[in-house]
Structures are given as C-alpha cells and as structure tokens.
Amino acid sequence: MIVALDGPAASGKGTIGRRLAAEFGIGYLDTGAMFRVVGRAALDAGADLDDAEAVLKVAKEIDLDDQSDPRLHDAETGQAASRVAEQRVVRGLLLEAQRAFANRPGGAVLDGRDIGTVVFPDADLKFFITASTAARAARRAAQLREMGATVDEAELAKELELRDNRDRQRAAAPLRRADDAILLDTTHMSIDAAFDTARRHMARRLEELGCA
Ligand code: C5P
C-alpha cells in the first residue's frame, strides 16, 4: 500500500505520516528531509543554488539518509531546500530514491509536495493536508521551541509563505493537490483529530484492497 501525503510546509503531514506508518506497521519517508540534506550540503559546499549541475554533483556525493545535522531544521536550510527543489535533475535523483524506498513489503507512507502527482500518481491513498499560514507558523514555532530554539512567529510565517509560493509556482513538480487526493484542512483541527480521520480512511482503503 502506497500512501501519499502532500501539502504546504508545516501543515502537519509529517506528524500524521509518521503516526499512520507506525499504526499500520509500514515504512515512512520524509521526502522534504532529503531536499533539506541536499540544500544544506550545497550551502556548505558554497555551490550556486541556481546551478543545477553543481547542485547535482553535491547531491551525488552525499548520504541522503544522514539527517543528523541539527541545522537541517532551520529556515536557511528550508529555503535552500526549496531552491534546489526547483532543479529537475536534482528532483530526478531523489525521485529514484523515493520510489526505491517504497518498494518494500507492505509499502510505505511518503510525505512531500509531489508524491500524489509525480512520484506515485497511482498511490492507493492520497491526502492533501493544509492549514492557514498562521496555524502552520504557530505549530512550527512550538516544534522549534521544543527543540530549544528561540523563534519569531511573524518571521516564521513569512518564511513559510515565501517557500510555499516558490513550491507552488515552480515549473518542475509544483505543489498542488492531486485530483483524487482527500483534502484535510487542519486549521481548526487538532493533529490528533486529523490523524484519526486519516487513520479511518486508511483502514477503509486497506479493507477495499483486501489487506485488512
Ligand atoms: O517538507 P519540508 O518543509 O521539509 O520540505 C523542504 C522543501 O523541500 C520544500 O519547501 C520543497 O521545496 C521541497 N520538497 C519538494 N518535494 C518534496 C518534498 C519537499 O520539492 N516531495
């Protein structure tokens, strides 16, 4: 079973995706983290983020699974991730790794921007998870504070919008809801309630597929 979770930054898809995967005992892949690893490495290497070949060279030399650098969560890395994500050659490299990951017994839950539209257009179940910018900024701020960071919520909201606009407007695999994705707006919903809705959809789909 392949479950696609797409949506703008900090909409709750990571938390919901992780919990779905744990609940149903299948794999989980945070594809945004892969773009962050590439963005961070490109910054550290001093590569021009608009130079697709230079970024691709960096991406091929690193371990995409090594997500231990605490700087991966910061805004500078988020912006770099969204800039390298504009490059088709970089997306192509990551897409291969994403499809390979999902090719495992039981399948996987993948969260990102283009999972239901490009990576797995035939996914068994698709969600598009969204929320207002204010709600997303408040949630991301709480997460960062938990990690011990000092945050300016208004700055954070601007950063999220800048990234979402770039992700929506790019030519390569833009952020958009697949026609057959279930829309979950979590603005006025707790993440627990959103997870519960997603869990029920997934249980029903597993039953339809005869896997329950
Ligand atoms: O999910 P996260 O906010 O960590 O993603 C960082 C950036 O990576 C996004 O803003 C987006 O530009 C890019 N991304 C993407 N396609 C994905 C996942 C993330 O373009 N499937």
Which is open to solvent by 10 Å² or more (accessible area, probe 1.4 Å), within 17 Å of Leu175 (Cα to Cα) and under 12 Å from the mean Cα position of the chain (by Cα), of Arg91, Arg83, Arg113? Arg113
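Please go through segment 19-36 and pick out each residue that is more than 10 Å from the ligand (Cβ to nearest atom) and in contact (Cβ under 8 Å) with a residue 24 or more places away in the chain.
Within segment 19-36, the subset more than 10 Å from the ligand (Cβ to nearest atom) is 19-28.
Correct list: Arg19, Leu20, Ala21, Glu23, Phe24, Gly25, Ile26, Gly27, Tyr28.
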Specify the residue that is modelled with the lowest pLDDT; the eligible residues are those in segment 7-26 that are over 15 Å from Asp192 (Cβ atoms) and open to solvent by 10 Å² or more (accessible area, probe 1.4 Å). Ala10
So how many residues does segment 55-78 have that are surrounded by fewer than 17 Cβ atoms within 10 Å (Cβ to Cβ) and in a helix (DSSP H, G or I)? 7
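Do we find that Phe127 is crowded, with 17+ Cβ neighbours inside 10 Å and more than 20 Å from Ala193 (Cα to Cα) in this structure? It would help to see each step written out before you state the result.
Values: crowded, with 17+ Cβ neighbours inside 10 Å: yes; more than 20 Å from Ala193 (Cα to Cα): no.
Criteria not met by Phe127.
Quick one: would you say Arg91 is in contact (Cβ under 8 Å) with a residue 12 or more places away in the chain, closer than 24 Å to Arg136 by Cβ, more than 11 Å from the ligand (Cβ to nearest atom) and not hydroxyl-bearing (Ser, Thr, Tyr)? Break it down into steps so the answer makes sense when it comes.
On the way: in contact (Cβ under 8 Å) with a residue 12 or more places away in the chain: yes; closer than 24 Å to Arg136 by Cβ: yes; more than 11 Å from the ligand (Cβ to nearest atom): no; not hydroxyl-bearing (Ser, Thr, Tyr): yes.
For Arg91, the condition - in contact (Cβ under 8 Å) with a residue 12 or more places away in the chain, closer than 24 Å to Arg136 by Cβ, more than 11 Å from the ligand (Cβ to nearest atom) and not hydroxyl-bearing (Ser, Thr, Tyr) - is not met.
Kindly provide the set of residues from segment 138-184 that are of a type in the set (Val, Ile, Thr) and either closer than 22 Å to Lys126 by Cβ or at pLDDT 95 or above (or both), ordered by number. Please lay out each step first, then the result.
Initial filter on segment 138-184 (of a type in the set (Val, Ile, Thr)): 150-151, 182.
Passing the criteria: only Ile182.
The values are calculated or read from the model by the stated rules, or taken from the named source; none is laboratory data. Bear in mind that the values here come from a model prediction, so they are computed numbers and not experimental data. Counting neighbours? That spans all protein chains shown, and the Cβs are built from the backbone with ideal geometry, glycine included. For the accessible areas, the whole protein counts, side chains as well, though only heavy atoms, and no ligand, DNA or RNA atoms are used. Shrake-Rupley method; radii C 1.70, N 1.55, O 1.52, S 1.80 Å.
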